[in-house]
Structures are given as C-alpha cells and as structure tokens.
1. Could you give the length gained by full extension between THR67 and LYS12, i.e. 0.36 nm per residue of separation minus their alpha carbon distance, to one decimal place?
2. Quick check: residue separation of PHE22 and GLU37 times 0.36 nm, minus the Cα distance between them. What number comes out in nm?
3. How big is the charge dipole of the chain about its Cα centre, in debye rounded to the nearest 20, if each Lys and Arg gets +1 on its Cβ and each Asp and Glu gets -1 on its Cβ?
4. Given (1) 74, 33, 20; (2) 34, 26, 18; (3) 39, 19, 16 as candidate values of Cα extents along the principal axes in Å, which corresponds to the one derived from the coordinates?
Amino acid sequence: MKTTSKNSDPDKVEQWWGETDFRQMEQITGFRQLDFEPDEGYQEFVDVCNNYWGKLGREEKIELWQTYN
C-alpha cells in the first residue's frame, strides 16, 4: 500500500512533478504533447500541464503522486 497523504511531504510531491516526463504529463492531465507546437521543446505543452497542476489541491496532487510514482 502506498503512503497516506498525512505522511506525504509536499516538497517531494512538487519535486516529483518537476521531474515528470511528457508521457506521464499526458496521462495525468489529458493533454497531448503532439497537439502543441514543438517550439522551444514543447514549452507551451509544459506550461499548460504546469497550469493544470497548479490548480490542483494538495490532496489531489498527493493522490496523483501516489498513483503515478
């Protein structure tokens, strides 16, 4: 069983998100990398995914971390 949210370090969750690859970002957010222009390393895709992540609450982030980590 994965760690409960009470034992989850928010800094670890944020660090994990920062290291998440495009494939996992697609799975989590539902956005597709190929729907964005490849300019600047798909920066627009990364920005949209980060915006999605930023709107999530702490518990939602921890649940995703527990599921995908």
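No value in this document is a laboratory result; all are computed from the given coordinates. Predicted model only: the values in this text are computed from it and were never measured. With ideal geometry, Cβ positions are generated from the backbone for all residues, glycine too; neighbour counts draw on all protein chains shown.
1. Numbers: separation 55, 0.36 × 55 = 19.80 nm, distance 1.42 nm.
Residue separation times 0.36 nm, minus the Cα-Cα distance, leaves 18.4 nm.
2. Working: separation 15, 0.36 × 15 = 5.40 nm, distance 1.38 nm.
Result for the pair: 4.0 nm of gain on full extension.
3. Working: 8 positive and 15 negative charges, 105 e Å.
Using only the charged Cβ atoms, the result is roughly 500 debye.
4. Derived directly from the coordinates: (3).
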